[in-house]
Each structure stands twice: as C-alpha cells, then as structure tokens.
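Student: Got a structure for you, written out below as structure tokens; questions coming shortly.
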Amino acid sequence: MAENGDQTARYLVTVMMCDLVDSTASVAQSDPEEMFDWIAGYNFVCTDAVRRFGGSLARMTGDGVVAYFGYPRSVEKSGSAAVLAAVQILNELRARPMPRGKAAAVRVGIATGWAVIGQLNVGLPGQEAFAVGDALNLANRLQQAAQPNQILIADETRQLTRGLQLNPIEGLQLKGFEGVRRAWLVDATPGRRGDGIEVPESAPFVGRGQMLELLLEVAKRVEGGPGAAVEIVGDPGMGKTRLVREFCATISREQVSPIIVFENEEHGANVAFACLSRFVRAQLPAHLTHGAPATSQAAAEWLSVQSGLVAGDLPVLTAAIGLGAAPLSPQILQQRSVDMFTRWLRGLCTDRRAVVVVEDAQWLDPSSLSVMNAVAKGLPDAQLLLVFTARPGWRGLESAQATRINLERLDDVSASELARWYLGEAGTDGAVVRTVVATAEGVPLFVEELAKAASLATPETQPVERYHVPGPVQESILAQIDRLTTDRRLVQIAAAIGVEFPVRLVAAVAGRPQLDVLHELAPLVGGGILEQTNPATFRFRHLLVHTSVLASELPRQLVRHNQSILAKLDELDGDALQNRPHVRAKYLFGAADYRAGIDRLLQASLLRFQASQFEEAIGYLNEAKAKLGLIADEQTRFELELRIQAQLGAAWIQLKNFAAPEVAAAYDRAQQLSTLIGKSASEEEFTALWGVWSNRLVGGQVRKGVELGRALTSIAQTVNTRHLAVLANAAGIVTETIAGDLTNVRRHVDFLNRNADPADVHQAITYAIDPKSLSLLYAAHASWLRGDYEYSCERAAEALAHVEASPYEFVKPYVMIFAAVLPLYAGPSAHARELLDRAVATADQFNIAYWQIIGRVWQNVAKLRERNDAEALNLLDNLVHMYRASGATFFLSYQAALSGLKLVEAGEHERGLKNVEVALDLAEADTERFTVPEVYRMCACAYAQAKMPDAGKAALLLNKGFALAQAQGANAWTVASALTAKQHGIELAGMAVDAGYLSALLDRVAANGMSRNHPFFVEAAASLEKR
C-alpha cells in the first residue's frame, strides 16, 4: 500500500450515494446518442445539487453518484445539506423524463460517520480521493434498500438534520451489518420543509428568561411603530434558535402577527438571495401534475396575494428564486430584486405589527443582506421587528441601531434541569447529571446532546463511550474551525499538546514562526474555539472542542505529533520536565510508548507520595492501571501491575488506614502477581507480603500477622539484602510486641543499630513507614511493658529524633502519636499533649485520615488522664466508634475499655458498660495481645465501680489479666493489676492483696528487670508508704 503522509486525513462526513434505477435496461432500449445526452443532463443535475448545498463530488459513473458533505472541509448540518441535495435531484428528475418518455427514478442512501480520505497514489493525474469508513458502506446498503425515488438516511444522519419530514423504517437487515437497523425515509414532496415557525420543544426553557422578556418588551414597543431591530449573538450551540422559537411561539399565542423566519446555511452564503429564495419556494404550491416542482405559474399565484408586490414583479421574482430568467442585465436584475423583496417585507406591516427573523445572519449572502439593510432603513415608519441571530464577529446592520442580546453559558442549576429532562429515567442518577453538566460547561447544545447519548447508555457502557462527543457537536466544532483557519493541522498539534498550550511549542512542532502561528490562531479566539490566557498561551474554550479536534486526527498522525512534542519539549523545557513526569507520560502514551508512559506515571505517583499528596498519587496509579491493557506482553504487564499495586497499597494506607479494604485488595493482588511472574522469594514478593502483613495485623488478625511476619524474615534471609533484613527485623519486633512476646526487644534494637542506614530513606515510600523509627517505637513500648523504663524513654526519644530528620511529613504523625502513648499508659503528661497536638496538625495539613482519627482519639485520652472532662469523654466515645467503623482494630480494645471506664466514673453506667462489652469482645478476638491485660483491668474497674450485682465478674477479669501479664513478662500490667485488686479488695489467684503481697510482688518484678522509677512501680511503692 502506498504511503500518503499528511495528504490523508480523518473527516466526519455525510456520504450520499445516488443510483439511477434500471439504467442498464434504459440504455439497451434507447438510442445511444439520446441516452448520452440525457445522462449528461442527469450528471449536471446531480453536480448542481451537490455543489449548491456545499458538497463535493467523489465519484460519478454515469448512472451512479457518490458525494461527500464535510470533505475537503467540515460543514455544519451536513445531514440536512445532503438530504436537500438528494431532494433537489429527485424533484429535478421528475421534470426530465428519459428517452422514449420513461419516467426517471433514483435510489438514494445517506449515512454519516468518520472516514479516512486521501489519495492512494500521489502523483497520478485526475485520480479521485479514496475513502474508507463505515459511513460509505452504510450509505451503499441504504441506497440498495431504497425503493425507486426514495431517500433513506441513517440514524446518525438524522441527528444532523433539521426542518425535514422524516418517517422511521424499522427492522432493516443490511448486508455486512449485524442485527437489524433503523433508517429514516425522507418525504421528498416539493416544498415539504418547515416554514421556520415551530412549536417550542417540550424540553424546559431554562436560563434565558430575561432575554425572552427583553424580546417581548421590544416587540410590544413596535406595535404602532416605530420598528426596531434586535441582534441575538452567541457562540454555536448557545441556544439562539431556541430563544427565537420560544419568542415566536409566545407572540403567536398573544396576538396574530405575521412571523417570517429566514434560515441561512453555510452553503448559501455566496448564493444570491439564498434565504429569501428558499423561503418563497417553500411557500409555492406544487404543480398539479405528477408532483412536479413549482413553476412560474405557482409563483404568479403566490405573488397575487402578497401585499406590496404587483404583477410586474413576476419576471423578477421567478429569476430571483431560480424558476426562470428575466430579460434584464445582472445589475438591473439585482437592483429590482432588492427593491421587490424590500417592498414585500415592508408590506407585511402596513396595518399591523410583523416580525421577521433571520437565523444565522453570519451566513447572509450579500444580496439578502442588502434587502435587510433596505428594510431596516424604513423601520422608523414601520411596525416591524427585525430579529437576527448570529455568531460573534457578525458586523450587523449598516442602517439601524439594534438592541444586542449576548447569550452566555448556562449556570449549573439551569444546565442540570435541562440535562435531567433529556436524560429521562437516567436523570435520577445525580452522578450522571453532574458528569453531563461538568462536561458540557454550560453550552445548551452540549448539554442536550451529551444527555441524549448518556440516556441511551447501558450499565456496561464504558465512561469514555458513555460521554463521547455526539455527532452534531463534533460537526459544528470542526466546521467552525475549518471556517476560521486555513491550517487545521496547527489546531490538531495544539490539541495533542493539551487543553492549554504554549504558542512556542505549537510553532516548534509545526516548524513555523511563532508570528505565523499567532496569526492563524487569532480568528479561533473570536470564533469561540480558543481563548488566550496570556500573550504566550492559549486554551480550548470547551473540553468538547479539544476532544473533537483530537478525534479528527488519524492515529498515526497523532503518534507523530506526540513524538515531535516530546522532542521539542526536551529542547525547550527539558529541565522542568524532570519534576513533571506525568506531563511526559501523557505524550509517551500519545506516541504509543506505553511502558515508558506507565513508568513515568509511577514516578509521578512517588513524587506526590513524597509530598504527602496521596489522592493525587492514587490518581496517577489508577491512570497507570487503566493503561495496562495497552501492554501486549503479559510478563511485562504483570511486572508493571505489581509495582502499581504495591504503591497503591502504600498510598491507601495513608489516605485511609492499614486495615482498609483498598489496602487489602492492592497487596493481595500484588502477592498474586509476584507468584504469577515467578518472583517468589524476591524483593517484589517481600513488598507485597509486607502490605498483606500490615493489613492483617492492624485489622486484628494477630495469628495471621505472626505467620506473615515469619514469612517476611524467611524471604529477607533468602534475598540477603541489608534493607530487607532491616524491614524484616522491624516486622519482627512489631509482630512480637502486638502478640505479647516482649522478650526479644534488645536483640531487635541491637540488630537495627548494626544494620540500619540513615541514608536509606526510600523505604518510607515503598512500605508506607520508616522502619527504624517503627522498630524503636515498638521497642519503647515493649520495654515499657516489661518495666525497663529508662531504656523505653531512650528508644522513644531516639525514634522522635530520627523522624524529625525525615524528609517525608507523612511518617511523622504515627511516630509522635505512639511516642505520646507511652506516658499516657500511666497518667497525665504535658509532653504527650504537645506531641499529639503536633501529630494532629500534621495529619490535618496533609489530610491523612487514619492519623487524624487516631491522633484525636489519643488527644481525648490525654485530656481524660488529667480530669474527667465531659466534652473529651463524648468525643472519645464517638471517635472510638468511628475508628471501629474504619475496620482497624489496633489499640481499639484499649481505647474502648478506657472510654467505658471513664463513662462509668462519670456516672453514665449504661453507655460505659456498652463500651466495656465492645472492649472485651475485641480482647477475646485476639486483635492485639500486648494491651489485653490492661483491658481486662480497666473493664474490671468499670464493673466494680458500677457495683454490678455479679461481683465475681470484676474479680474474674482482673485475675485473667493478671495471669496473662505474668505470662507475657509485662511487669507494668502485673503491678497495675495488683494495685487495682488491692484498691477493690479483690483476691488474685486466691490470695488477698495486702501490703505484704504487694511488697513481695515489687521485689519480684524488680528482680525481673523492672525499673524502680517506672510510674507503676513508683505508684505501688507509694501506696505501701501511705500504709
């Protein structure tokens, strides 16, 4: 296949295929010379009709015609233009019988869609453009399915038509197309086109009430004279036509006033008296025989009933509307035609008010504009209201001062009301409505078409398909661009760069001077396509404009543009791109380098993670995950997904919590992928398993956490790298502490001191924690519980000092919170309050939800350690329930027990004992073991203070906690339980806890390593002295 480069392009076209019925038999039965002359006339009829309505002939084969509307430049209302051309062909042929008097008949099929059009072999003279696309095949099949003198159009084409009589044809089975299709039969009766006065649509009339009131006010002033002119100006799709229709319908209901609506179309901009001629011809009665088109006789009948016209105007009228010729020079005919149409329009309002509406005045041909200017000169003496709709840039009338109404975008409330109406049942879905409104950006046409498309979507429809740019919107946008610039390629390059783009980059990629590019883009600003944000930068005014331009590019052209953009960006702005990998990713995807694009998105996610911007990090990761389907090689795809899932798990931990289902899903998938790609006993498997371990442990599955912790140690030993050994050691101390094994604290810390590298900070990103501070914190907690108070304080201070030097803010809240917990085990602490305030402030600053909740829980614990503050008590109660709802259980039994105890102490026994039950359920579920002895002790206190009828319940719980504390070697909990037993007169292991018992216990725990300055030891010793 020959390559064609940039001469081949993608076009949204309406294809018309017209074929002469029984042409072979007609040729056989006719004189060849006569048939040749007739076919020459037939070809002229087809050529004239196609060109008159803005189309281009693609192919003529004697009896067959193929025409494109929308190539080589886009046009608006291509469906209407193609149908009108086909109707003209049918009507002209009715007056042209074939040789031997046989009536001529054609079949016409019309379809709309994207097509690639270009030359197969550049350089061959006279070769027609070659096109490929479904629209050509569909038009061909519709033409074959049509009956003689029928025009069948596709559903997509119907969306691009206006003011035509159409009837549905259901159940068509077309060769090459699956299932049955619906087509539309055009009523080609001469003159059967709307007169322009239509009943307003039943869709709500929104956002334009003030403009309608202004129009009605001007119309009222016109009664009795003088006349007035109004210009309604707005970008395409802003609702100019809807406002006019609503106005005309209101006027018609209020008072009988002649209303004439002239519709202009782009293909008539250079046809003399185009809109006037079209209107008059539509009013003429059809000829009485065989439905032939109107003749001069019909024109005479119409003229005879028009005020302001006389019989002598007939030759001028028939010539002006294309039904005959007048024996006048072109200049005289022009002058007399302007005079005739002017008198006719003025004659409408001799004894009453009249309204003349001119739609799309920017396409008024010069002759029609002369008529309107002449009519406007007489407005001071007429009861006439001239209403023009136009796009920005129309110069307006020369001879009248017009009231100007500028249409702006709809507000969200109005757009939502309109969207819900078009969505129908789907309008009850608020998310769909919001998506339509946000995408449409206040343009009524966009709201309407997007809502219609969304209303037809199924639940299985992908979002990109559900909210694609509808055909009428694309056609309008591309036609506007082609009118305003001679080089669509510049706009396509700009769209490839993005919604916002610098001129210098467009110029560099296009290889043109910046001034040239500015000159080409300037008209697009006035035409509503672009807006200039600063002297060097433009942006597309609507997202749908940007999307439509991208859709007009051939995939290979888009790839080349993105490749060029990357190269030029490196030349112009290479250093800045290093910190914006997501920008490079966009163009790498556009250049079809999908693996490199995903790599850059992973890099972008890491940068956001480092900045504690976790939602943005997750956004990049989800974008990367969505692109995985572009990677053909399965192994590569799995390896990339493993990296994505590991980073997703770390980000979700910060945004929610370790136990969140999103964390579990990400790490479980990562573990599955490590097996699929043969990465067992590797760092990849370690990363996945670390996430699973943290998720299960914080979610309360201690036994599973212990098992996974051992697996981490095993992998670290196999891989034999220092940083994995440090991480496995951190997992080991955390797991052992939570499981209540407090015996190996110093061994873990010694290993950490030998192997941890302060410069190895990347672990905080990969594993969502800093392993050194994590190890030190749990060493501090385990030492505190064993009673090694000095060592505990040293490790906590070391963890705080280490994290203060960290470049990552997100690791600081949890270190400060769990450092603050230590002194709060025993009582009030100003230092703990300070740490918690800092932790919560940091979590709030970076919106780290998990630590926001945990920090506030402990803030209220700190307040309650000082005094039984009612506000703090209620907040703690609420926060505990909120924390429980998150799925995390770490420390939850301790916090529920403390909340329950404090509520009981405050006299709220019912609420307090409910929390006690929650705490006991969690403790029995084995969520974490190292706080369970203290949980039992606090619950026993609550029962004792509530004076429960079952006095043995408090004793049972206290004995249970005392035994567990001894088994764990938790000397702190052991002493605390003994103090509570002494206070409430409860026996421990069948022995009364008196001074002698307590004294012996203190000697025993001191011998086991408990510091004599430990808060609980000091409290117990003080109780003996008071004796």
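Student: I need the full set of residues from region 217-256 which are surrounded by 14 or more Cβ atoms within 10 Å (Cβ to Cβ) and β-branched (V, I, T), in order please.
Tutor: V218, V222, V230, I232, V233, T241, V244, T250, I251
Student: Any idea which of (1) in contact (Cβ under 8 Å) with a residue 60 or more places away in the chain; (2) closer than 24 Å to L12 by Cα; (3) not β-branched (V, I, T) is the one P168 doesn't satisfy?
Tutor: (1)
Student: Follow-up. Being part of a helix (DSSP H, G or I) and in contact with a Gly (Cβ under 8 Å, 6 or more places away or on another chain) is the filter here, so list the residues in region 423-448 that pass it.
Tutor: V433, P444, L445, F446, listed by residue number.
Student: Against the condition surrounded by 19 or more Cβ atoms within 10 Å (Cβ to Cβ) and either part of a strand (DSSP E or B) or of a type outside the set (D, E, K, R) (or both), how does A58 come out, does it pass?
Tutor: For A58, the condition - surrounded by 19 or more Cβ atoms within 10 Å (Cβ to Cβ) and either part of a strand (DSSP E or B) or of a type outside the set (D, E, K, R) (or both) - is met.
Student: Here is a follow-up. Check region 29-39 and report whether any residue there is crowded, with 22+ Cβ neighbours inside 10 Å, farther than 21 Å from P472 by Cα and at pLDDT 80 or above.
Tutor: Looking for residues that are crowded, with 22+ Cβ neighbours inside 10 Å, farther than 21 Å from P472 by Cα and at pLDDT 80 or above, one finds none in region 29-39, hence no.
Student: Only one residue in V692, V719 is closer than 20 Å to Q645 by Cβ and within 36 Å of the chain's Cα centre (by Cα). Which one?
Tutor: Exactly one residue qualifies, and that residue is V692.
Student: Another question, if that's okay. Check Q362 against each of (1) part of a helix (DSSP H, G or I); (2) closer than 16 Å to S277 by Cα; (3) under 54 Å from the mean Cα position of the chain (by Cα) and name the one condition it does not meet.
Tutor: (2)
Student: Just for region 89-103: of the residues that are in contact (Cβ under 8 Å) with a residue 40 or more places away in the chain and in a helix (DSSP H, G or I), which one is farthest from the chain's Cα centre (by Cα)?
Tutor: R100
Student: Pick from R556, R539, R560: which is closer than 28 Å to A479 by Cβ and either assigned to a strand (DSSP E or B) or assigned by TED's automatic domain parsing to the domain that holds A9 (or both)?
Tutor: R539
Student: Continuing with this model, one more query. From the list E500, E553, E520, pick out the single residue that is touching a strand residue (DSSP E or B) at 6+ places or on another chain (Cβ under 7 Å) and at pLDDT 90 or above.
Tutor: E500
Per-residue answers, yes or no, for (1) within 38 Å of the chain's Cα centre (by Cα); (2) at pLDDT 90 or above:
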{"residue": "A660", "(1), (2)": "yes, no"}
{"residue": "E683", "(1), (2)": "yes, no"}
{"residue": "F686", "(1), (2)": "yes, no"}
{"residue": "V702", "(1), (2)": "no, no"}
{"residue": "S714", "(1), (2)": "no, yes"}
{"residue": "I738", "(1), (2)": "no, no"}
{"residue": "V745", "(1), (2)": "no, no"}
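Student: Please find, among A954, A946, the residue that is of a type in the set (G, A, S) and modelled with pLDDT of 90 or more.
Tutor: Selected residue: A954, the only one of A954, A946 that is of a type in the set (G, A, S) and modelled with pLDDT of 90 or more.
Student: Would you check which residues across region 526-540 are under 17 Å from E441 (Cβ atoms) and modelled with pLDDT of 90 or more and list them?
Tutor: Of everything in region 526-540, those that are under 17 Å from E441 (Cβ atoms) and modelled with pLDDT of 90 or more turn out to be I529, L530, E531, T533, F538, R539, F540.
Student: Quick one: in region 544-593, which of the residues that are among the β-branched types (V, I, T) and surrounded by fewer than 22 Cβ atoms within 10 Å (Cβ to Cβ) is farthest from A438 (Cα to Cα)?
Tutor: Of everything passing the filter in region 544-593, V559 is farthest from A438 (Cα to Cα).
Student: When the residues of region 603-661 are filtered to those that are in a helix (DSSP H, G or I) and of a type in the set (K, R), which remaining residue is surrounded by the fewest Cβ atoms within 10 Å (Cβ to Cβ)?
Tutor: K625
Student: Restricting attention to region 104-161, report how many residues are of a type in the set (V, I, T), in a loop (DSSP other than H, G, I, E, B) and at pLDDT 90 or above.
Tutor: Selection size over region 104-161: 0.
Student: Kindly indicate whether any position in region 13-27 is modelled with pLDDT under 90 and under 30 Å from A269 (Cβ atoms).
Tutor: No, region 13-27 has no match at all.
Student: If I ask for residues that are among the hydrophobic types (A, V, I, L, M, F, W, C) and within 16 Å of G619 (Cβ to Cβ), which ones from region 637-663 would you list?
Tutor: I644, L648, A650, A651, W652, L655
Student: Name the pairs: first residue in region 817-828 and under 12 Å from L864 (Cα atoms), second residue at pLDDT 90 or above and β-branched (V, I, T), Cβ to Cβ under 6 Å, at least 6 apart or on different chains?
Tutor: Correct list of pairs: empty, since none qualify.
Student: Checking E156 against (1) touching a helix residue (DSSP H, G or I) at 6+ places or on another chain (Cβ under 7 Å); (2) surrounded by 16 or more Cβ atoms within 10 Å (Cβ to Cβ); (3) farther than 12 Å from A111 by Cα, which test does it fail?
Tutor: Failing condition for E156: (3).
Student: A further question on this structure: Out of all the residues in region 394-422, which are outside any helix (DSSP H, G or I), within 32 Å of the chain's Cα centre (by Cα) and loosely packed, with under 14 Cβ neighbours inside 10 Å?
Tutor: N406, E408, D411
Student: Ok, one more. Please indicate, with yes or no, whether at least one residue in region 888-899 is closer than 21 Å to V663 by Cβ and surrounded by fewer than 18 Cβ atoms within 10 Å (Cβ to Cβ).
Tutor: no
Student: Take the conditions under 29 Å from V745 (Cβ atoms) and crowded, with 16+ Cβ neighbours inside 10 Å and apply them to L903. Does it pass?
Tutor: no
Student: Please work out which residue is surrounded by the most Cβ atoms within 10 Å (Cβ to Cβ), limiting yourself to region 351-385 and to residues that are farther than 19 Å from V218 by Cα and among the aliphatic types (A, V, I, L, M).
Tutor: A361
Student: If you check A67, A49, which single one turns out to be among the aliphatic types (A, V, I, L, M) and in a strand (DSSP E or B)?
Tutor: Every option except A67 fails the conditions.
Student: Hey, another quick one. Scanning for something free of Cβ contacts under 8 Å to residues at least 60 places away in the same chain and surrounded by fewer than 24 Cβ atoms within 10 Å (Cβ to Cβ), does region 776-791 turn up at least one residue?
Tutor: There is at least one residue in region 776-791 that is free of Cβ contacts under 8 Å to residues at least 60 places away in the same chain and surrounded by fewer than 24 Cβ atoms within 10 Å (Cβ to Cβ).
Student: Please verify whether S78 is of a type in the set (S, T, Y), touching a Phe, Trp or Tyr at 6+ places or on another chain (Cβ under 7 Å) and surrounded by fewer than 20 Cβ atoms within 10 Å (Cβ to Cβ), treating the condition exactly as stated.
Tutor: The answer is no for S78.
The values are calculated or read from the model by the stated rules, or taken from the named source; none is laboratory data. Remember, it's a predicted structure, so these values are computed and weren't measured experimentally. So basically every Cβ, Gly included, is an ideal-geometry build from the backbone, and we count neighbours across all protein chains shown.
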